[in-house]
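Right, one structure below, let's go through it.
What follows draws every value from the coordinates through simple rules; no lab data is involved. Since we're looking at a predicted model, the values are computed, not measured. Because the Cβ atoms are built from the backbone with ideal geometry, glycine has one as well, and the counts that use them run over all protein chains shown.
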Amino acid sequence: MKHPARRHIPSVVNLNTFETIARRGSVTAAADELGLSQGAVSKQLLDLEGFLGTALFDRNNARLTLNDEGAAYLARIRPLLDQLEAATVATSGAAQRMREVRLSVPNTFGLLWVMPRLCGFAAAHPEIRIHVANHIGAVSLRDAGLDAAIVFAENGLDDEHADLLHSVRTLPVASRELVSGRLPMSAARIAALPLLYHTTAPSSWASYLRDLDDGIELPLPGGTEYNLVTFALKAAEAGLGAALVPDYACADSLREGRVVQLNRPSLPSQRGYYLVRRRERMGAPAVRVLREWLLARRLG
């Protein structure tokens, strides 16, 4: 269907002025609301009436009263003005969303690995706003209104929308004061230390020690338990025992000498943290830029 090169439509500014006069009942009140002079408002109304070829108000001194044609015209154009405003707001909001990313991260990994990288991202891309939330366990991108999330997967993720950010390997660490003798320590020597456990992985020490020496007599279950990796690490730094913690969590402590590494890291596995993107938003420029930034720094 072809449209005329020039539509027979009056100025939207004049339509808005007409609607304001009709609602407020006078040129003076409309001028006050619109922040215009009375002369400018009167001229816009006259321009609209000239375009339509008919008067829209009955004039009684300074008071304006809609006539029949004015009332009928107002009834037709008011919902159209509402629709135009809604469409404009929606489009402006969509443009803003192109510069925003709503991201959810796990507590400890988010604090220790993600946030330092997001600080660099904010400095490099001040035009993009990152809204960061945290989650524990599974998260639904759609239900939570997210663009992306970083999730932990024990056995990897076979998903074209998922990117491995960090493959987790755990390290046995303890304070230098707790360790006697040379490093690395044997499985038996480690097993003789007070062992600190994580409540979500109570068998982690048994698995690690058996990987070091499949003939070792495993320590009896028990020991102090912590529900956060950071708690276990702080206990290890304080000399309360040996902790088996993810590499990303203890990197600073090792570098600064607050703990020492007792033996090699755990064996490689598929377990790790993945960036997953919501399908409808994976092509958004801001999401794409954030993904590229994180992937370029996943080894750091």
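Figure the gain on full extension for residue 115 and residue 188 (residue separation times 0.36 nm, minus the Cα-Cα span) and round it to one decimal in nm.
The span from residue 115 to residue 188 would gain 22.5 nm if fully extended.
For residue 140 and residue 23, compute 0.36 nm times the residue count separating them, minus their Cα-Cα distance, and round to one decimal in nm.
Extra length available between residue 140 and residue 23 comes to 37.5 nm.
Place a point 7 Å from Cα of residue 99 in the direction of its Cβ. Which residues in the stretch 259-300 have their backbone N less than 13 Å from it?
Backbone N within reach: 286.
For the stretch 173-187, in order, what is each residue's ³J(HN,Hα) by Karplus, 6.51 cos²θ - 1.76 cosθ + 1.60 with θ = phi - 60°, in whole Hz (x at glycine and Pro)?
9, 7, 6, 4, 5, 7, 8, 10, x, 7, 9, x, 8, 6, 4
Using alpha carbons only, how many angstrom separate the centre of the stretch 176-191 from the centre of the stretch 263-300?
The stretch 176-191 and the stretch 263-300 have Cα centres separated by 35 Å.
How many nm is it between the label spots at residue 80 and residue 7, if each spot is 7 Å from the Cα in line with the beta carbon?
0.8 nm
Read through the labelled values (i) 24.1; (ii) 22.3; (iii) 24.9 and report the label of the one computed as Kirkwood radius over Cα pairs in Å from the structure.
Checking each listed value against the structure points to (iii).
Given R₀ = 30 Å, what would the calculated FRET efficiency be for residue 158 paired with residue 132, taking r from the Cβ atoms and rounding to 0.05?
0.65
On a full-extension model of 0.36 nm per residue, what is the gain between residue 87 and residue 71, subtracting their alpha-carbon distance, rounded to one decimal in nm?
Length gained, residue 87 through residue 71: 3.3 nm.
Please give the residues of the stretch 142-183, grouped as numeric ranges, whose backbone N is less than 19 Å from a label point set 7 Å along the Cα-to-Cβ vector of residue 288.
Within reach of a label on residue 288: 147-149, 160-163.
Tell me the label-point distance for the pair residue 218, residue 255, using the 7 Å Cα-to-Cβ offset, in nm and rounded to one decimal.
Distance between the two pseudo-spin positions: 3.5 nm.
Among 204, 276, 191, whose Cα lies farthest out toward the positive end of the dipole of the stretch 179-281, if unit charges sit on the beta carbon of Lys, Arg (+1) and Asp, Glu (-1)?
Of the options given, the answer is 276.
Would you work out which of 25, 84, 36 lies farthest towards the positive end of the dipole of the chain? Charges go on Cβ: Lys and Arg +1, Asp and Glu -1.
36
To the nearest 20 debye, what charge dipole does the stretch 170-261 have about its Cα centre, counting +1 at the Cβ of each Lys and Arg and -1 at the Cβ of each Asp and Glu?
In debye, rounded to 20, the stretch 170-261 gives about 200.
Over the chain, with a Gaussian network built from C-alpha contacts below 10 Å, which listed residue (214, 58, 158) shows the highest mean-square fluctuation?
With Cα springs under 10 Å in the chain, the top fluctuation among 214, 58, 158 is at 58.
Please report, in debye to the nearest 20, how large the charge dipole of the chain is about its Cα centre when each Lys and Arg carries +1 at its beta carbon and each Asp and Glu carries -1 there.
Rounded to the nearest 20 debye, it is 560 debye.
Please list, ordered by chain and number, the residues whose modelled amide H lies under 5 Å from the amide H of residue 245; skip anything fewer than 5 residues away on the same chain.
Hits under the 5 Å cutoff: 171, 173.
Which value in nm describes the separation of the simple spin-label points at residue 228 and residue 40, placed 7 Å from the Cα toward the beta carbon?
Between residue 228 and residue 40, the label points sit 5.6 nm apart.
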